1. Tell me, which residue of segment C:107-128 that is aliphatic (A, V, I, L, M) and more than 8 Å from every other protein chain (Cβ to nearest Cβ) is nearest to B:LEU81 (Cα to Cα)?
2. Report whether or not B:SER141 is away from chain A (no Cβ under 14 Å), under 30 Å from B:ALA415 (Cβ atoms) and surrounded by 22 or more Cβ atoms within 10 Å (Cβ to Cβ).
3. If we scan segment B:188-206, do we find a residue that is more than 14 Å from chain A (Cβ to nearest Cβ), within 16 Å of the chain's Cα centre (by Cα), assigned to a loop (DSSP other than H, G, I, E, B) and closer than 19 Å to B:TYR397 by Cα?
4. With the requirement that a residue be among the hydroxyl-bearing types (Ser, Thr, Tyr) and away from every other protein chain (no Cβ under 12 Å), what does segment B:221-271 give you?
5. Across segment B:68-86, what is the number of residues that are buried (at least 22 other Cβ atoms within 10 Å of the Cβ) and of a type in the set (Ser, Thr, Tyr)?
6. Hey, can you tell me all the residues within segment D:132-142 that are farther than 20 Å from D:ALA87 by Cα and modelled with pLDDT of 90 or more?
7. Of the residues that sit in segment A:134-171 and are of a type in the set (Ser, Thr, Tyr) and under 23 Å from A:ALA44 (Cα atoms), which one is surrounded by the fewest Cβ atoms within 10 Å (Cβ to Cβ)?
8. Take B:VAL134 and tell me if it is surrounded by 23 or more Cβ atoms within 10 Å (Cβ to Cβ) and within 13 Å of B:LEU70 (Cα to Cα).
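The values are calculated or read from the model by the stated rules, or taken from the named source; none is laboratory data. As the structure is a prediction and not an experimental result, all values here were calculated from the model. Neighbour counts are summed over all protein chains in view; Cβ atoms, including those assigned to glycine, are modelled from backbone coordinates with ideal geometry.
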Amino acid sequence: MTAKRASPLVFVALCFSALALYPLVGGQFGVDLVSKIMIYAIFALSLELLVGGTGLVCFGHAAFFGIGAYAAVLLAPETEAAGAGLLALSVLMAAAYALVVGALSLRTSGVYFIMVTLAFAQMAYYLVHDTPLGGGTDGIYLLIKPVFGAFDLDRPLNLYFLILLSLVLVFAFLALLYRSRFGRALAGIRVNEQRMRATGFSTYPYKLAAFTLSGALAGLAGFLFAVKDGFVNPEMLSWHLSGSVLIMLILGGIGHLRGALIGAFSFALLQEFFKSEAVFGSFAKHWHLGLGLSIMACVALLPHGLVGIPGQLRERLARQAAQRSQGTGAVDERI
Amino acid sequence: MNQNQHNKLCNSFPAQGSQVASQGNSAVARRSDVRCGVITRLILAAVALSTAAAMPSQAQTKEGKVKVGLMLPYTGTFAALGTAIENGFRLHLAEHGGKLGTREVELVKVDDESDPAKATDNVNKLIKRDNVDVIIGTVHSGVAMAMAKAAKDSGTILIVPNAGADAVTGPMCAPNIFRSSFSNWQPGYAMGEVMAKKGYKRVVTITWKYAAGDESVRGFKEAYEKSGGKVIKELSLPFPNVEFQALLTEIAASKPDAVYTFFAGGGAVKFVKDYAAAGLKKSIPLYGAGFLTDGTLEAQGADAEGLFTTLHYADSLSTARDQVFRLAYAKTFKMQPDVYAVQGYDAAQMLGVGLGAVKGDLSRKADFAAALKSARIESPRGSFTLGSNHNPVQDVYLRQVVGKENKVISVASKALADPGRGCKM
Amino acid sequence: MDFSIFLIQCLNALQYGLLLFLVASGLTLIFGIMGVINLAHGSFYMIGAYMAFGLAPIVQTAFGGGFFSTLLVGTFLAVLLGYLLEWAFYSYLYDREHLQQVLMTYGLILVFEELRSLIIGDDVHGVDVPAYLSASIALGQTMSYPVYRLFISGLCLCLALGMYIVFTRTRLGMMIRAGSSNREMVQSLGIDIKFLYRIVFAAGVALAALAGMVAAPVSSVYPNMGGQVLIICFVVVVIGGIGSIRGALLAALLIGFADTFGKVLIPQASGVLIYIMMAMILIWKPQGLFKAG
Amino acid sequence: MSGSEPEQNGANPILRCENLSRRWGGLLAVNQVSLAFWRGEVHAVIGTNGAGKSTLIHMLCGEIEPTSGSVFLHSADVTRWSQARRARAGLGRSYQRSTIFPSFSVLENCRLAAQARSPKPWHWWEPASRCEASLAAATLAARQSGLHDDLDRAAGLLSHGQKRQLEIAMCLATAPQVLLLDEPLAGMGAEETERMLALLAALKADHAIVLVEHDMDAVFRIADRMTVMVNGSIIASGSPQAVRHNPQVQAAYLGEH
């Protein structure tokens, strides 16, 4: 029991320390890349709270990400650098939109919920895509990066560590939340909402709270993204991104916080691998092919995502051991 | 129905394909088959990334060679344009034995897919990973904006061989940013004067809702309304949507004297065809910025016959300089050059002038800029100079489509200089 | 806008709506009957469009060409494709949860897009309207309307009618309707559900591909054209009520009109409009306009 | 009918319904049912399948809206209350099929149930396992229903009988005054049944128990009052003896088996 509990903690600790040390080895471009992946990890974590934590499949999560990002650019002062206030503001905007969307879409359920969240995301997408405030397809620029006290985000390393810090904090926050009464209630809703009502939980406010919170965290990720690139674009709200982040979750393994981490990184690395000319030569141009196939393979082979691998292996070993003890009959069975 | 056609489902990650990096990654992947534990996977990942990141040090430009990054669209709507620009650039290079100024040139290519969403990543690849000395690119205005921003931050020299986004030589202008093509404002403004002269009183404009379109229309409107015309309706649809039917009907409804439009590439083909199919061609004359009929005439066929457009280049300039260029181009690449080829060619010329002036020492950015400003580029389009905002001061021609050619009718506007609004330099 | 123009816009809306219906009807069948969220449906539309572009010359040489023979060949190939896909991939998805279906079909999208780029390339291509449909009819004094668009509307209407008949008059239709309302019941009726699924899926793919082929001349073919259609189709399906053909038709027309008139009346909001509509409808009727069964 | 009956033990009924009806399309699942339930009684509602017993329970606990009629908890009209609110007001129910949370431990199942009434569920930083109030209630409930040896086992691993017990325990954890039990004996072995009956007998002292059950022998052993439903309406209600000898009932129901 305790061993089982410990190993994930150790693993996560390892990951974070590795990330903290990375800038020592990684050059400018590497740092840039890893910061980006970490931002997506935060984004994936925010969605995990909904999908894995509460059992609500949201197919429009990019909206909150994008709103956070656009808020960061649109609300930033023209001439001087913005402060931490901007962060709070962006997160609030995302949370506010999440509150509205949640309040409405939580009236539906199942496939319809998936689709309504998508609809609201598309609404936000076209809002920035077709109206002047969003700058159309070309997006808009954040000319001066914020400064948190003495912490000038114009310097890539500062930004890197701010992102890492946010990632660790978000992770810790959710870890606490999952163990809290609130978290348990959400888990209960995920397993059997009807039962929760019969027990006396008014489930709606719980779900709404989770939805809003998740939206706020996605907004945080969006803010970081906008600050990192100093550029926002409608595609940050597109359903493609909503899809990608879902994929990260499923790839990593739903229902585990570390699944979101693993998912974000492995999704990125899968892409990098299939894009690399060294392996595929000129064929690397068609990297989507490899990515698509491997995703499908994951569905077939890893129903529980990458997190589930150790468990699956243990199972298989156990089975093989059992079969060996049974002798030959087992072999036929497997052929 | 309108979502950017260029963004693929997972455009949400930085692309990265350098040799060293990819070996690292392949190492990851070769072992990162399903069985490999997650931790190993993560560590391998870190290794891969660090090698990826470490590589610039190895990829430092070798002495003597100047590293030029070509960031152009090789796929998507503007693929053909990207190729033409590269050809033009290579042609000039070839004419000078692969040298610009005194130094050998090494080319690094990146496909920007005309996707603004990926622009920042792509340009970072060139600047941060490949450490290029000069960037040439690109076609799409939105992408060019991202490049200009990155160039401004990093101080890398940028020469824009097509994208006309006004801001590049406006608010975003910088000592290290130049343009060998035009500003969206220029052809539009010239056409404004032309159509006012032709005596049209009420005009409808239609374009894609993105920087290039908006600015072209703005330029047109400025000149046209200054000389007494009236733009009664400004129609637009999201880039790169090509379902024009509803808007064509709208044009018919408002019965203008003429229509001014800005479309390019595939969209231009589709628009001209639909415009004719809707029967508007015979009732309401269609005018446009030159890209409407450049490199698209084959596909447009008879529907384009007789259209008037304004641009800083045409197929039948019949100047000696132009003929030499066209001949050489046709010989080397087995196809006719277009305005994009010219712009690529001139980008190379400009770089050559600059490099020559600083004796190949690109750290002397001030001298580089000064040399370009004082220089007179002998372009196939006719010689031009650079304005204070580093945008060409050039003649804009009025052309008409005759058969498969954009024939010159007259010079619509002589030595037209972009106002470079918002440029502090 | 004066009345004639208004009518023309209605024609545009109708044509767009009907085309949408053609794609969405396939999706709603697969969605409603097999309970599979098929993100790859847009790709079938894309495949259809590229077939219209790619097959034409081949058919030219084989059968001496003709637009309709291209359509027929294309449709046949689409049915084949659908049948194979169902057998190869989708049959594994029925008892999986929605998320895994999303993942699997998402993978398929990527694969299809890349195969397309491998086989045909990434350039934008125009597809010619068959000569005998390329004329335009004069409407109003300035405007004239392309015959081909009328043809599209007509074809879609015929297919809609055909579907209606199949559903109401034939045993297959009965089975399908039963299936969309209650899967267990169908099995208890002793119908080979596997076979039914395979048929339905093949039909769905064929419808999408056909829509693609018909639309190609007006939309021209370009990379990722499927993605644009996909989302709208889901909107149609959900507004109409999952599994309901009637609903799909109504919803598609609703969207056709909303989009067309939105474009001209409130261009800024045209994109947002249909999604606001969807949200409203779902808040009013969380199960869509017509709940299947 | 029973609404007009003389009051028992001089107390008011805890739960009462008046002229409760529910139609499904054409079919009238529950027709004008009026019943009252007192503390200290096991009130069995029996009837053939489709007689409307479950629908009645559903309406009492608020899972289904009645087409007409009303429900009173103590003297308050709770007809418009949500199920959750009724549950917090003291209406506990168990389901025909086990609805426990299989991945949670027995204790956690009960604790989660108890948490429904415990204040401040928004304490996100404090681990749930430190929530004294709910823990106490949970442990108590688990003991009462005889699961004290299995507190830390995953609920999914329990035997069928134990799962049913856990169902009851989760109800108890919410400190209810009324227990609506939907076939708690379904699929139980003889000795498991005994345990359950003992449990119910122990619980009836300070709860009003509404029992829907098919196992007649068990019902007749434990029920203090019985109501027989046929096609949605009550044909008899009263002491087991009275019901047993009611000719209508024998004709309509008991005769059958």
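1. Step one: list which residues in segment C:107-128 are aliphatic (A, V, I, L, M), which gives C:108-111, C:115, C:118-120, C:124, C:127.
From what's left, more than 8 Å from every other protein chain (Cβ to nearest Cβ): C:119-120, C:127.
Numbers: C:ILE119: 22, C:ILE120: 19, C:VAL127: 21 Å.
Ranking the candidates gives C:ILE120 first.
2. Values: away from chain A (no Cβ under 14 Å): no; under 30 Å from B:ALA415 (Cβ atoms): yes; surrounded by 22 or more Cβ atoms within 10 Å (Cβ to Cβ): yes.
Criteria not met by B:SER141.
3. Among the residues of segment B:188-206, not one is more than 14 Å from chain A (Cβ to nearest Cβ), within 16 Å of the chain's Cα centre (by Cα), assigned to a loop (DSSP other than H, G, I, E, B) and closer than 19 Å to B:TYR397 by Cα, which makes the answer no.
4. So the first thing to find is which residues in segment B:221-271 are among the hydroxyl-bearing types (Ser, Thr, Tyr), and the list is B:224, B:227, B:236, B:249, B:254, B:260-261.
Residues satisfying the conditions are B:TYR224, B:SER227, B:TYR260, B:THR261.
5. 1
6. To start, the set of residues in segment D:132-142 that are farther than 20 Å from D:ALA87 by Cα comprises D:132.
Once the filter is applied, which keeps residues that are farther than 20 Å from D:ALA87 by Cα and modelled with pLDDT of 90 or more, segment D:132-142 yields nothing.
7. Within segment A:134-171, the first condition is being of a type in the set (Ser, Thr, Tyr), and the residues that meet it are A:137, A:141, A:160, A:166.
After this cut, where a residue has to be under 23 Å from A:ALA44 (Cα atoms) as well, the list is A:160, A:166.
Working: A:TYR160: 22, A:SER166: 20.
Within segment A:134-171, the match that is surrounded by the fewest Cβ atoms within 10 Å (Cβ to Cβ) is A:SER166.
8. Values: surrounded by 23 or more Cβ atoms within 10 Å (Cβ to Cβ): yes; within 13 Å of B:LEU70 (Cα to Cα): yes.
Yes: the conditions hold for B:VAL134.
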